[in-house]
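Inspection log for the structure reproduced underneath, given as structure tokens.
The values are calculated or read from the model by the stated rules, or taken from the named source; none is laboratory data. All values reported here derive from a predicted model rather than from experimental measurement. Note that each Cβ is placed from the backbone with ideal geometry, even for glycine, and that neighbours are counted across all protein chains shown.
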Amino acid sequence: MNSINRKLKKELIVIGLSCLAFQVGSSAPSSAAPINKSQTTAELPVVNGALSLDQAVSLALKNNLSLNRIRRNLRIARAKTAQAQAARSVSLSTTTYLTTGSGDTHSMISGSPGVSPTNSIDVPATGESADQDLMLMFPLWTGGKLEAALREAKSLESATSGDIAEEQLSVALAAREAYYQVLLAQGIQDAAQKQVDASVENARVAQEEYNVGKTNLATLLRYKSASSNAQQSLTTAQNNVQEALIDLKVVLGLSLSSTIQPASILYEPPPPQPLDQLIALARKERPILAAAKDRIAATMSGIKAIHAAFMPQIYLTVVGGSFNTSSFGSGPGYFAGLTIGIPLSEGGSRHAKIREAKAVMEKAQIGRQSAELQVESEVTKAWLSVQSAEANVTASQREVEQATEAERVARLRVESGKGIYLEELDALAALFQARLDRVQALYSLNTSNAELMRATGQM
């Protein structure tokens, strides 16, 4: 009989070690699935050629590094939802017990911490024992605790999606602003180039007149100085274009080795809708408002889960296994039944959790009100900014027309001998400034319109 018991004990030990090896192997990361490495700048996409504004926005939404980092939050939220869903399913564990001891009373030994469901056995006071158990548990009724926890997780997942959508609006705005910044820099460069061309021509004419004695040296030097200053302005403008292109590539998430150029121009967009219609549109479309509602719903589900946690918790439990002891002999066995847990007192923990949850609820409700006020404020400010920018564009157009005519008249006066060279230089400088004001006004109008798009939830 002892030889049979020893043989059975050895078999149980082998089974236990096999289960342990299986658990360790299944939990280890697979060598076939390499760990994702952080993306380096060398791995960023390279794009060459002309880009429309819509193409730039699409690239930003796909490649922007900050946005892609935030998108990982949705993976986290989805994983938590899956965990809440799994809590409503069957849980299964296996436990191996190998014990020895001496004494007068039996002892209870629990399974390893962190293994769920947790098993425990009664071991004999004296002698050796081996036991291999398989335990299954399934929630039959938890007072709605698991269901509320799942609803909470789903609401938080939806809120996270809203946060990401809100961030997408911000990235789209950043892409448009960076794109318009390049167009602004190019517009300034074009104005500076026209200034250089005119200054060089004036200096050439002044040199010819000086050579034949029609003008003095001071006038010639003044024209050459103006030409030199114009060239410096052009060099600065050219550098600003390259810096703006770098900023655009960063926003789009592109490699800095990309060679891109905007295919669009600064333009006058159509007038916006009335303010009240835009506010109504924003209340419907802005993801930040939907996310605020989802967080309130998640908090309400959390409160229900806290209440349900103090209801009876009923689980179906099935345990099967095989044992071998020096005191009780050996053999297989199983049992099945219901486990019913009823929390009686938590020392005030329940009420404290409920107070905490209600405070979180109040915070979420205030957050929703704050989000509504923020959205209405952003729409109103952007709408006012568009109105102001439209007026400035109209004024800048008149300024360019007047400065162009003033420069033409000043040039004719100098050519006919009725005016002095200083008039022509001043008129040329005024025309250059008018062109800059025109480009700046168009830039402000386009960026204000982009801000209004984001404020109303338009991608």
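Pairs please, first residue from the stretch 342-357 and within 18 Å of Ala148 (Cα to Cα), second anywhere and among the acidic types (Asp, Glu) and surrounded by 10 or more Cβ atoms within 10 Å (Cβ to Cβ), Cβ atoms under 9 Å, 6+ apart in sequence or on different chains.
Lys353/Glu346
Can you confirm whether the stretch 127-141 contains a residue that is buried (at least 16 other Cβ atoms within 10 Å of the Cβ), in contact (Cβ under 8 Å) with a residue 40 or more places away in the chain and either of a type in the set (Lys, Arg) or part of a helix (DSSP H, G or I) (or both)?
Checking the stretch 127-141: not a single residue is buried (at least 16 other Cβ atoms within 10 Å of the Cβ), in contact (Cβ under 8 Å) with a residue 40 or more places away in the chain and either of a type in the set (Lys, Arg) or part of a helix (DSSP H, G or I) (or both).
Search the stretch 265-281 for residues being under 20 Å from Leu445 (Cα atoms) and among the hydrophobic types (A, V, I, L, M, F, W, C), and hand back the single one that is surrounded by the fewest Cβ atoms within 10 Å (Cβ to Cβ).
The qualifying residue surrounded by the fewest Cβ atoms within 10 Å (Cβ to Cβ) is Ile265.
Restricting the stretch 172-191 to residues that are touching a Phe, Trp or Tyr at 6+ places or on another chain (Cβ under 9 Å) and more than 13 Å from Arg438 (Cα to Cα), which is surrounded by the most Cβ atoms within 10 Å (Cβ to Cβ)? Quick ask: steps written out before the conclusion?
Of the residues in the stretch 172-191, the ones touching a Phe, Trp or Tyr at 6+ places or on another chain (Cβ under 9 Å) are 180-181, 183-184, 187, 191.
From what's left, more than 13 Å from Arg438 (Cα to Cα): 180-181.
Working: Tyr180: 25, Gln181: 21.
The extreme case among them is Tyr180.
Which condition number in (1) at pLDDT 90 or above; (2) outside any helix (DSSP H, G or I); (3) of a type in the set (Val, Ile, Thr) is the one that Thr299 fails?
The one condition Thr299 does not meet is (2).
Somewhere in the stretch 246-257, is a residue at positive phi, modelled with pLDDT of 90 or more and in contact with a helix residue (DSSP H, G or I) (Cβ under 6 Å, 6 or more places away or on another chain)?
Of all residues in the stretch 246-257, those at positive phi come to 253.
Filter once more, so that each one left must be modelled with pLDDT of 90 or more: 253.
Going one step further and asking which of them are in contact with a helix residue (DSSP H, G or I) (Cβ under 6 Å, 6 or more places away or on another chain), we end up with 253.
Scanning the stretch 246-257 turns up at least one residue that is at positive phi, modelled with pLDDT of 90 or more and in contact with a helix residue (DSSP H, G or I) (Cβ under 6 Å, 6 or more places away or on another chain).
Looking at Thr81, Thr100, can you tell me which residue is surrounded by 12 or more Cβ atoms within 10 Å (Cβ to Cβ), assigned to a strand (DSSP E or B) and of a type outside the set (Asp, Glu)?
On the way: Thr81 fails: assigned to a strand (DSSP E or B).
After ruling out the rest, the residue left standing is Thr100.
Select, from Ser89, Ser66, Ser116, the only residue that is small (Gly, Ala, Ser), touching a residue at least 12 places away in the same chain (Cβ under 8 Å) and part of a helix (DSSP H, G or I).
Numbers: Ser89 fails: part of a helix (DSSP H, G or I); Ser116 fails: part of a helix (DSSP H, G or I).
Step by step, each of Ser89, Ser66, Ser116 is checked, and only Ser66 is small (Gly, Ala, Ser), touching a residue at least 12 places away in the same chain (Cβ under 8 Å) and part of a helix (DSSP H, G or I).
Mind listing whichever residues of the stretch 247-264 are exposed (fewer than 13 other Cβ atoms within 10 Å of the Cβ) and of a type in the set (Val, Ile, Thr)?
Thr259
Do we have Glu177 as at pLDDT 95 or above, of a type outside the set (S, T, N, Q) and in a helix (DSSP H, G or I) here? I'd like the intermediate steps shown before the answer.
Numbers: at pLDDT 95 or above: yes; of a type outside the set (S, T, N, Q): yes; in a helix (DSSP H, G or I): yes.
In short, yes.
Identify, by number, the condition in (1) modelled with pLDDT under 95; (2) loosely packed, with under 14 Cβ neighbours inside 10 Å; (3) under 27 Å from the mean Cα position of the chain (by Cα) that Ser377 doesn't meet.
(1)
I'd like to check something: does the stretch 60-80 contain any residue that is modelled with pLDDT under 90 and either small (Gly, Ala, Ser) or more than 21 Å from the chain's Cα centre (by Cα) (or both)?
no
Name the residue that is modelled with the highest pLDDT, counting only residues in the stretch 113-125 that are over 44 Å from the mean Cα position of the chain (by Cα) and surrounded by fewer than 16 Cβ atoms within 10 Å (Cβ to Cβ).
Taking the stretch 113-125 as the starting set, the residues that turn out to be over 44 Å from the mean Cα position of the chain (by Cα) are 120-125.
Applying the additional criterion that residues be surrounded by fewer than 16 Cβ atoms within 10 Å (Cβ to Cβ) yields 120, 122, 125.
Working: Ser120: 76, Asp122: 70, Ala125: 63.
Among those that are over 44 Å from the mean Cα position of the chain (by Cα) and surrounded by fewer than 16 Cβ atoms within 10 Å (Cβ to Cβ), it is Ser120.
What's the number of the condition Leu373 fails, among (1) under 29 Å from Ala282 (Cβ atoms); (2) in contact (Cβ under 8 Å) with a residue 12 or more places away in the chain?
Of everything listed in (1) under 29 Å from Ala282 (Cβ atoms); (2) in contact (Cβ under 8 Å) with a residue 12 or more places away in the chain, Leu373 misses just condition (2).
Could you check the stretch 200-216 and list, in sequence order, the residues that are assigned to a helix (DSSP H, G or I) and either free of Cβ contacts under 8 Å to residues at least 24 places away in the same chain or farther than 14 Å from Val414 by Cβ (or both)?
Of all residues in the stretch 200-216, those assigned to a helix (DSSP H, G or I) come to 200-211.
Val200, Glu201, Arg204, Val205, Gln207, Glu208, Glu209, Tyr210, Asn211 - these are the residues of the stretch 200-216 that are assigned to a helix (DSSP H, G or I) and either free of Cβ contacts under 8 Å to residues at least 24 places away in the same chain or farther than 14 Å from Val414 by Cβ (or both).
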